[in-house]
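Inspection log for the structure reproduced underneath, given as C-alpha coordinates.
The values are calculated or read from the model by the stated rules, or taken from the named source; none is laboratory data. A quick note: this is a predicted structure, and the numbers were derived from the prediction, not measured. Please note: Cβ atoms are built from the backbone with ideal geometry, for glycine as well, and neighbour counts cover all protein chains shown. Each accessible area value is taken on the protein alone, full model and side chains, heavy atoms only, with ligands, DNA and RNA left out. Shrake-Rupley method; radii C 1.70, N 1.55, O 1.52, S 1.80 Å.
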Amino acid sequence: MMKESMGNPLCLKSLNHISLVCRSLEKSLDFYRNVLGFSSIRRPGSFDFDGAWLFNYGIGIHLIQSENSESMPKITHINPKDNHISFQCESMANVEKKLKEMKIEYVKNRVEEGGIYVDQLFFHDPDGTMIEICNCDNLPVIPLSADIVRSCSLVNCINVQQQQQIQQMIEMPPQQRLTCLPSVHITEDYLHCA
(Lines give C-alpha, C1' and ligand atoms only; values in the text may rest on other atoms or scores of the structure.)
Protein backbone atom coordinates (compact mmCIF):
# COMPACT_ATOMS: atom_id res chain seq x y z
CA MET A 1 0.00 0.00 0.00
CA MET A 2 1.42 3.37 -1.03
CA LYS A 3 1.42 6.25 1.41
CA GLU A 4 -0.10 9.60 0.46
CA SER A 5 2.54 12.19 -0.47
CA MET A 6 3.75 14.21 2.50
CA GLY A 7 4.46 17.38 0.50
CA ASN A 8 8.07 18.39 1.02
CA PRO A 9 9.18 16.70 4.27
CA LEU A 10 12.89 17.47 3.70
CA CYS A 11 12.25 21.06 2.52
CA LEU A 12 14.04 20.40 -0.78
CA LYS A 13 14.50 23.30 -3.20
CA SER A 14 15.88 21.86 -6.45
CA LEU A 15 18.16 19.33 -8.07
CA ASN A 16 21.75 20.48 -7.53
CA HIS A 17 23.91 18.02 -9.44
CA ILE A 18 24.41 14.47 -10.57
CA SER A 19 27.73 12.66 -10.23
CA LEU A 20 29.01 10.34 -12.92
CA VAL A 21 32.03 8.06 -12.75
CA CYS A 22 33.88 8.05 -16.07
CA ARG A 23 36.53 5.95 -17.82
CA SER A 24 38.23 8.98 -19.33
CA LEU A 25 37.76 12.37 -17.72
CA GLU A 26 39.00 14.02 -20.94
CA LYS A 27 36.44 12.25 -23.19
CA SER A 28 33.58 12.90 -20.78
CA LEU A 29 34.50 16.58 -20.45
CA ASP A 30 34.54 16.87 -24.23
CA PHE A 31 31.10 15.23 -24.49
CA TYR A 32 29.36 17.25 -21.78
CA ARG A 33 30.85 20.54 -22.98
CA ASN A 34 30.68 20.12 -26.77
CA VAL A 35 27.63 17.89 -27.19
CA LEU A 36 25.38 18.94 -24.30
CA GLY A 37 26.64 22.52 -23.83
CA PHE A 38 27.80 22.42 -20.20
CA SER A 39 30.51 24.80 -18.97
CA SER A 40 33.38 23.88 -16.68
CA ILE A 41 33.20 25.47 -13.24
CA ARG A 42 35.59 25.66 -10.30
CA ARG A 43 35.93 22.46 -8.30
CA PRO A 44 37.20 22.48 -4.69
CA GLY A 45 40.95 21.88 -4.62
CA SER A 46 40.70 19.82 -1.44
CA PHE A 47 39.47 16.75 -3.35
CA ASP A 48 42.16 14.06 -3.49
CA PHE A 49 40.79 12.41 -6.66
CA ASP A 50 40.55 13.47 -10.29
CA GLY A 51 37.34 14.98 -11.52
CA ALA A 52 35.64 18.01 -13.01
CA TRP A 53 32.53 20.06 -12.34
CA LEU A 54 30.26 21.40 -15.05
CA PHE A 55 27.12 23.53 -14.95
CA ASN A 56 24.25 24.59 -17.23
CA TYR A 57 20.44 24.48 -17.41
CA GLY A 58 20.24 25.01 -13.64
CA ILE A 59 22.03 21.76 -12.74
CA GLY A 60 25.57 20.58 -12.19
CA ILE A 61 27.31 17.50 -13.46
CA HIS A 62 30.23 16.25 -11.39
CA LEU A 63 32.54 13.94 -13.29
CA ILE A 64 34.71 11.55 -11.30
CA GLN A 65 37.63 9.71 -12.88
CA SER A 66 37.25 5.97 -12.25
CA GLU A 67 40.00 4.40 -10.18
CA ASN A 68 39.61 1.22 -12.22
CA SER A 69 38.12 2.00 -15.62
CA GLU A 70 38.50 -1.63 -16.77
CA SER A 71 35.92 -2.74 -14.19
CA MET A 72 33.28 -0.29 -15.43
CA PRO A 73 30.32 -1.82 -17.28
CA LYS A 74 30.64 -1.90 -21.05
CA ILE A 75 28.39 0.25 -23.21
CA THR A 76 25.44 -1.79 -24.44
CA HIS A 77 22.66 -1.13 -26.93
CA ILE A 78 20.50 1.97 -26.50
CA ASN A 79 17.50 1.03 -24.37
CA PRO A 80 15.00 3.87 -23.68
CA LYS A 81 13.82 1.94 -20.62
CA ASP A 82 17.26 2.19 -18.98
CA ASN A 83 18.24 4.73 -16.31
CA HIS A 84 18.79 8.07 -18.02
CA ILE A 85 19.17 11.81 -17.67
CA SER A 86 16.63 13.84 -19.64
CA PHE A 87 16.93 17.34 -21.08
CA GLN A 88 14.19 19.38 -22.74
CA CYS A 89 15.05 21.15 -25.97
CA GLU A 90 13.72 23.89 -28.19
CA SER A 91 13.80 21.93 -31.47
CA MET A 92 13.87 18.17 -31.83
CA ALA A 93 14.72 18.55 -35.54
CA ASN A 94 17.83 20.60 -34.69
CA VAL A 95 18.94 18.08 -32.06
CA GLU A 96 18.54 15.18 -34.48
CA LYS A 97 20.44 17.08 -37.19
CA LYS A 98 23.32 17.82 -34.77
CA LEU A 99 23.50 14.22 -33.56
CA LYS A 100 23.75 13.05 -37.18
CA GLU A 101 26.49 15.61 -37.90
CA MET A 102 28.43 14.44 -34.82
CA LYS A 103 27.87 10.79 -35.84
CA ILE A 104 26.27 9.96 -32.49
CA GLU A 105 24.09 6.86 -32.60
CA TYR A 106 20.60 7.46 -31.21
CA VAL A 107 17.15 5.90 -30.93
CA LYS A 108 13.92 7.83 -31.55
CA ASN A 109 10.70 7.36 -29.65
CA ARG A 110 7.31 9.07 -29.59
CA VAL A 111 4.84 9.06 -26.71
CA GLU A 112 1.19 10.04 -27.16
CA GLU A 113 -1.20 10.94 -24.38
CA GLY A 114 -4.62 12.37 -25.15
CA GLY A 115 -3.57 13.78 -28.52
CA ILE A 116 -0.37 15.33 -27.10
CA TYR A 117 2.89 14.04 -28.55
CA VAL A 118 6.30 13.92 -26.87
CA ASP A 119 9.29 13.14 -29.07
CA GLN A 120 12.39 11.59 -27.52
CA LEU A 121 15.95 10.90 -28.69
CA PHE A 122 18.13 8.56 -26.64
CA PHE A 123 21.92 8.16 -26.85
CA HIS A 124 24.91 7.35 -24.65
CA ASP A 125 27.68 9.46 -23.19
CA PRO A 126 31.22 7.99 -23.56
CA ASP A 127 30.65 5.77 -20.51
CA GLY A 128 27.24 4.42 -21.46
CA THR A 129 25.13 6.78 -19.35
CA MET A 130 21.85 7.19 -21.22
CA ILE A 131 20.93 10.72 -22.29
CA GLU A 132 17.41 11.65 -23.41
CA ILE A 133 16.53 14.82 -25.30
CA CYS A 134 12.81 15.53 -25.50
CA ASN A 135 10.08 18.08 -25.91
CA CYS A 136 8.55 16.90 -22.62
CA ASP A 137 7.14 20.33 -21.80
CA ASN A 138 4.36 19.51 -24.32
CA LEU A 139 2.90 17.09 -21.78
CA PRO A 140 1.19 18.61 -18.72
CA VAL A 141 2.22 17.36 -15.29
CA ILE A 142 -0.95 16.13 -13.62
CA PRO A 143 -0.61 15.26 -9.92
CA LEU A 144 -2.54 12.15 -8.92
CA SER A 145 -3.66 13.68 -5.61
CA ALA A 146 -4.77 17.17 -6.66
CA ASP A 147 -6.65 19.01 -9.37
CA ILE A 148 -3.64 21.10 -10.43
CA VAL A 149 -2.58 20.85 -14.07
CA ARG A 150 0.68 22.50 -15.05
CA SER A 151 3.34 22.49 -17.69
CA CYS A 152 6.89 21.40 -16.86
CA SER A 153 8.10 24.97 -17.35
CA LEU A 154 10.07 26.44 -14.46
CA VAL A 155 7.78 29.47 -14.12
CA ASN A 156 4.67 27.31 -13.82
CA CYS A 157 6.37 24.95 -11.36
CA ILE A 158 7.43 27.86 -9.14
CA ASN A 159 3.92 29.34 -9.23
CA VAL A 160 2.33 25.99 -8.38
CA GLN A 161 4.83 25.37 -5.56
CA GLN A 162 4.06 28.80 -4.10
CA GLN A 163 0.32 28.14 -4.34
CA GLN A 164 0.76 24.75 -2.66
CA GLN A 165 2.89 26.27 0.13
CA ILE A 166 0.28 28.96 0.77
CA GLN A 167 -2.50 26.35 0.82
CA GLN A 168 -0.49 24.16 3.21
CA MET A 169 0.17 27.12 5.51
CA ILE A 170 -3.54 27.99 5.58
CA GLU A 171 -4.39 24.40 6.53
CA MET A 172 -1.67 24.16 9.23
CA PRO A 173 -2.25 24.91 12.90
CA PRO A 174 -0.71 28.34 13.73
CA GLN A 175 2.20 26.85 15.72
CA GLN A 176 3.45 24.95 12.62
CA ARG A 177 3.26 27.78 10.08
CA LEU A 178 6.92 28.80 10.34
CA THR A 179 8.50 25.59 9.04
CA CYS A 180 10.14 25.30 5.61
CA LEU A 181 10.15 29.01 4.95
CA PRO A 182 12.92 30.39 2.73
CA SER A 183 15.99 31.52 4.65
CA VAL A 184 16.39 35.24 5.18
CA HIS A 185 19.64 37.01 6.01
CA ILE A 186 19.04 39.16 9.08
CA THR A 187 21.36 42.05 9.88
CA GLU A 188 21.60 44.04 13.09
CA ASP A 189 19.47 46.75 11.47
CA TYR A 190 16.46 44.44 11.73
CA LEU A 191 17.06 43.02 15.22
CA HIS A 192 15.21 45.85 16.95
CA CYS A 193 12.05 44.80 15.06
CA ALA A 194 12.14 41.28 16.50
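Note on the stretch 13-63: semi-axes of the ellipsoid equivalent to its C-alpha gyration tensor, largest first and rounded to whole Å, are 16, 15, 9.
Among 41-48, 66-73, sorting by the average number of other beta carbon atoms lying within 10 angstrom of each residue, highest first, gives 66-73, 41-48. Per the Debye formula on identical point scatterers at the alpha carbon atoms of the stretch 45-84, with no solvent, log10 I(q)/I(0) at q = 0.26 Å⁻¹ is -0.99. Cα-based radius of gyration for the stretch 1-122, normalised by 2.2 N^0.38 Å, reads 1.29.
Using protein chains only and a probe of 1.4 angstrom, how many square angstrom of Leu25 are accessible, to the nearest 10? Rounded to the nearest 10, the figure is 30 Å². What is the antiparallel percent of DSSP beta bridges lying wholly in the stretch 1-135, to the nearest 5? Once the DSSP bridges in the stretch 1-135 are tallied, antiparallel ones form about 65 percent. Placing +1 on the Cβ of every Lys and Arg and -1 on the Cβ of every Asp and Glu, with no other charges, gives the stretch 46-141 a dipole of roughly 380 debye about its Cα centre.
Beyond 22 Å in Cα-Cα separation lie the following of the pairs Lys27/Lys74; Lys27/Lys98; Lys27/Lys100; Lys81/Lys108; Lys27/Lys108; Lys13/Lys108: Lys27/Lys108; Lys13/Lys108. The residues of the stretch 1-147 have, on average, 70 Å² of accessible surface per residue, using a 1.4 Å probe with all protein chains present. Have a look at Val111, Ile131, Ile64 and report the one farthest towards the positive end of the charge dipole of the stretch 60-144, computed about the Cα centre with Cβ charges (Lys/Arg +1, Asp/Glu -1). Ranked along the dipole, the leading option is Val111.
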